[in-house]
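For reference, the structure discussed in these notes is given below.
The values are calculated or read from the model by the stated rules, or taken from the named source; none is laboratory data. What you see is a predicted model; the values in this text were computed from it and never measured. With ideal geometry, Cβ positions are generated from the backbone for all residues, glycine too; neighbour counts draw on all protein chains shown.
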Amino acid sequence: AKEVGGDFYDFFMTDDGHLCLVIADVSGKGVPAALFMMVAKALIKNRMKSGDSPSEALFHVNNQICEYNIGSMFVTVWACLIDVMTGASVSVNAGHEHPVVRRCNEGFELVRYRHCPAVGVMEGTVYSEHSFSFGKGDLLFVYTDGLPEAENREEEMYGTTRMMGFLNRHRDEDPEKLLLSVKRNVGEFVGEREPFDDLTMMAVKWER
């Protein structure tokens, strides 16, 4: 995108035994979106590091943002807390794209579960959690809507179906190579058209 955007991702330990993953997309573009992104990122990290679960963190962050949200901006968020010893995980999806998981020696699949409202939309929102578990060799792929909504010169979208097909043709690649492959493929699809939106991706492989 030509303007500064509001996509962000983060990963950090909340304590000695838990890893937090976050990917998010702020509405709008330019400096307001970038500033809103910085605030949202800091608030989420502070709540998660204080010991909140993902649903508790987004509940409090949403209320804080709604209280002072003069510009009526919002942010879609996918947040996950992983027990690094067992792989047991709990995640929240606040209006974000569905995550994709590849189980060891299997194909990538969209993990569809009910979206909650984006953060900043409605004060008092309660965010439901989704529990799952990582096994050895599993790979998680999360992204913002700039990936499926990327358009070529004919205004055709890259789309989720194309994305899933490409991921499964490259399912044996390690996370770093996979991200580069997806970025390259989207670039080839878009061609010379100027990107309208940011494209942010994160891939994590469970090796335990």
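Some observations on this one:
- Count of the range 138-196 residues which are touching a residue at least 40 places away in the same chain (Cβ under 8 Å), of a type in the set (V, I, T) and in contact with a His (Cβ under 9 Å, 6 or more places away or on another chain): 3
- Scanning the range 80-137 for residues that are in contact with a strand residue (DSSP E or B) (Cβ under 8 Å, 6 or more places away or on another chain), closer than 29 Å to D172 by Cα, part of a loop (DSSP other than H, G, I, E, B) and of a type in the set (D, E) yields a single hit, E97.
- For M163, the requirement of being within 21 Å of D25 (Cα to Cα), of a type outside the set (S, T, N, Q), assigned to a helix (DSSP H, G or I) and under 16 Å from the mean Cα position of the chain (by Cα) is met.
- If you filter the range 52-70 down to residues that are part of a loop (DSSP other than H, G, I, E, B) and touching a residue at least 40 places away in the same chain (Cβ under 8 Å), you find that the one that is farthest from A33 (Cα to Cα) is S53.
- Screening the range 1-53 for residues that are within 16 Å of the chain's Cα centre (by Cα) and among the hydroxyl-bearing types (S, T, Y) and picking the one that is modelled with the lowest pLDDT gives S27.
- Qualifying residue in the range 40-51 (condition: in contact (Cβ under 8 Å) with a residue 40 or more places away in the chain, charged (D, E, K, R) and either in a helix (DSSP H, G or I) or closer than 20 Å to Y143 by Cβ (or both)): no
- Check on L140, at pLDDT 95 or above, among the hydrophobic types (A, V, I, L, M, F, W, C) and not in a helix (DSSP H, G or I): yes
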